[in-house]
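Participant: Take a look at the following structure, please.
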Amino acid sequence: MAAVAGCASGAAGSATAPTTPGAAPAKAKVLAKTSDIPVGGGKIFSDAQVVVTQPAAGTFKAFTAVCPHQGCTVASVASGKIICPCHGSQFQTSDGSVVQGPASTPLTEVPIKVTGGSITLA
């Protein structure tokens with residue numbers, strides 16, 4: 001009978017424990033509020049190595065903040081361009097494509113989710 005009681009206790013404990021840890025990772029960390037991202041501009045999140053842009057009102061895009069040329073982190077977003085300070089590469093805020101080299105490949109798009117006024121990594 002002790003074994004049955006142990007199994008019952010263990011089963012109850014097991015059923016509860018996996019549900020709680022599984023629920024925690026599902027909650028994504030908010031990168032920014034939509035109001036934090038200027039229309040025609042963007043914001044760099046160095047800790048997440050992501051740049052979020054709003055090329056047109058209500059349209060949000062995200063790209064890796066790591067320049068494909070030599071791995072520097074982009075430093076600014078201005079006049080519709082994402083700018084790398086190391087060698088002057090520039091990328092479009094709308095699609096990450098190269099506007100000015102020496103980079104020859106675009107910034108990689110990063111999936112995001114816009115819910116209400118919050119932007120999270122997808």
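Participant: Going by the alpha-carbon gyration tensor, a ≥ b ≥ c the square roots of its eigenvalues, is the range 30-121 rounded (a/c under 1.5) or, if a/c is not under 1.5, prolate (a/b greater than b/c) versus oblate?
Facilitator: The shape class here is prolate.
Participant: Long-range amide H contacts for Phe60: which residues qualify at under 5 Å (H placed 1.01 Å from N, peptide plane, sequence gap of 5 or more or a different chain)?
Facilitator: none
Participant: Additional query: Residue by residue through the range 32-46, what is 3J(HN,Hα) from phi via Karplus (6.51 cos²θ - 1.76 cosθ + 1.60, θ = phi - 60°)? Round to whole Hz and write x for glycine and proline.
Facilitator: Taking θ as phi minus 60°, the curve returns 7, 8, 4, 5, 7, 9, x, 5, x, x, x, 9, 9, 10, 4 Hz for the range 32-46.
Participant: Please compute the length gained on full extension between Gln49 and Ser118, using 0.36 nm multiplied by the number of residues separating them and subtracting their Cα-Cα distance.
Facilitator: Result for the pair: 23.0 nm of gain on full extension.
Read-outs throughout are calculated quantities, based only on the coordinates presented, and are distinct from any laboratory measurement. The structure displayed is predicted, hence computed values, not measured ones.
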